[in-house]
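Engineer: The structure that follows is given in the form of structure tokens.
The values are calculated or read from the model by the stated rules, or taken from the named source; none is laboratory data. For clarity, every value in this text was computed on a predicted model and none was experimentally measured. All Cβ positions, even for glycine, are placed from backbone atoms using ideal geometry, and neighbour counts span all protein chains on display. Accessible surface is based on the protein model in full, side chains and every heavy atom, while ligands, DNA and RNA are left aside. Shrake-Rupley method; radii C 1.70, N 1.55, O 1.52, S 1.80 Å.
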Amino acid sequence: MAHKCNAVCDESVVRNLVSKRHPDLAEKFDRFLLESYIEDNRMVKWCPSTPHCGNAIRVEDDEFCEVECSCGLQFCFSCLSEAHSPCSCMMWELWTRKCRDESETVNWITVHTKPCPQCHKPVEKNGGCNLVSCICGQAFCWLCGGATGRDHTWSTIAGHSCGRYKEDQAKKTERAKRDLYRYMHYLNRYKAHTDSFKLESKLKETILEKISISEERESILRDFSWVTNGLNRLFRSRRVLSYSYPFAFYMFGEEIFVDEMTDKEREIKQHLFEDQQQQLEANVEKLSKILEEPFDQYSDDKVTEMRMQIINLTVITDTLCKKMYECIENDLLGSLQCNTHNIAPYKSKGIEKASELAVCWNSKPSTTEKCVASDSGTSGKRDRPFGFGSSEDSGSPSQRRPKKETYGGLFFDISMPADVLHRN
């Protein structure tokens, strides 16, 4: 452009000038333009799948939500990690880091070992005598950690007394032991429910086989949707239950909200939450046990009785999950001054799946063409460069990342500015 020229060189002008001599650069320009729009828009994010599926998700209302991409990956839209409600994003980040790093290994070493007074390596006692010896050859007293000679007699060690109380060291060791036991309590229960969720996921094939056998029999019951509904409810409730333990670890610990609550308030809120958590856990285990029964071998009366039990437990667990989320949002997090902890809302039907609804235009600069997908509930095919749509319930669309070899038509978000969509 000439010096001091005030003409606006917008995207269409650049596209017209570049496409005449370098069509490949025009395609790159269009692709980078769209990717820039996605990266600058907090309501549109790429799916974090590995390897990348090529989809982008757009939400319309709240970015603190959980979505399912058309590739099948469920993730938190806010932090792009796995779906983790009722944990907030900060809680989940701290929890995964704590489980990944060596902080608890250090705690275990502090609780179960003593440092050698000469080489300072941790030493674990494997016998009853309190005179221990390091691999470097140094002998020391296990009770106080003081260096001693080989001849360990409690009455003749000069300058050595195990009866002197060292408050700082004792408090440090006791605190490390308490923190370790508390962490192991929540970790064991989190892993137990996570492992149960993985095992119960394999239960789906077995239940489908039982349903197929039951449908072939001459029975008064022909509709077995209550079984699949109960199984889906079990998956959702088990997932909520497993992530409730990392939430409780930080909600009632001293890592985040140490100054937000008094000890009395923390105790009251912890009892309130744990009561609801215990009720949900008991009913989830009942539902899991009933679903594993061989109903394909039962009589009609027994199957009818089992049907009513599963339907009732399905409603109860759904209600308890709702109450737990209401308790977290209103009684626990809602009463705090810190507003940085937002959780994804509870969905009775599970995490909503994104669908595609594309608006496209022709890459030729002289013509404009709009295309709307005929079925907004279906995801786009792989040969589409990219596209947007709205979810059936919450408007969580999916979009395809552009491909160089199939860049015949451009798909743009219907929420993009009008001057971008309707430029000639």
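Engineer: In what sequence, largest accessible area first, do C71, C116, C65 appear using a 1.4 Å probe?
Structural biologist: C71, C65, C116
Engineer: Skip the ligands, DNA and RNA, and give the accessible area per residue of segment 39-83 with a 1.4 Å probe, whole Å².
Structural biologist: Result: 46 Å² per residue.
Engineer: Sorted by mean Cβ packing within 10 Å, highest first, what order do the peptides 91-98, 46-53 take?
Structural biologist: Peptide ranking by packing, descending: 91-98, 46-53.
Engineer: Express the Stokes-Einstein translational diffusion coefficient of segment 39-83 in µm² s⁻¹, to the nearest whole number, given a Kirkwood radius over alpha-carbon pairs, 10 °C and a viscosity of 1.306 mPa s.
Structural biologist: Rounded to a whole number, D works out at 152 µm²/s.
Engineer: Under a no-solvent Debye model with one identical scatterer per Cα of segment 178-238, what's log10 I(q)/I(0) at q = 0.17, 0.30 Å⁻¹?
Structural biologist: -0.67, -1.17
Engineer: Then there is this: Quick one: of K98/K171; K302/K322; K204/K286, which pairs are farther than 21 Å apart, Cα to Cα?
Structural biologist: K98/K171; K302/K322
Engineer: Could you report the accessible area of K125 in Å², rounded to 10, computed with a 1.4 Å probe on the protein chains as they sit in the structure?
Structural biologist: Per-residue accessible area (K125): approximately 60 Å².
Engineer: For segment 263-280, what does the Karplus curve 6.51 cos²θ - 1.76 cosθ + 1.60, with θ = phi - 60°, yield as ³J(HN,Hα) per residue in whole Hz, taken in order and with x for Gly and Pro?
Structural biologist: Residue by residue, segment 263-280 yields 4, 5, 5, 5, 5, 5, 5, 5, 5, 4, 5, 5, 5, 5, 5, 5, 5, 5 Hz.
Engineer: Now a separate question. What size of dipole, in debye to the nearest 20, comes out for segment 39-83 about its Cα centre when the only charges are +1 on Lys and Arg C-beta atoms and -1 on Asp and Glu C-beta atoms?
Structural biologist: So the magnitude is around 200 debye.
Engineer: Then there is this: Given the peptides 269-280, 226-237, arrange them by the average over their residues of other C-beta atoms within 10 Å, most packed first.
Structural biologist: The most tightly packed comes first, giving 226-237, 269-280.
Engineer: Beyond a 30 Å Cα-Cα separation, which of these cross-linked pairs lie in this structure: K172/K269; K177/K269; K45/K198; K264/K289?
Structural biologist: Beyond 30 Å between Cα atoms: K264/K289.
Engineer: If you average the sequence gap of Cα pairs under 8 Å that are 6 or more apart and divide by the length of segment 39-83, what percent do you get for the contact order?
Structural biologist: Value for segment 39-83: 29 percent.
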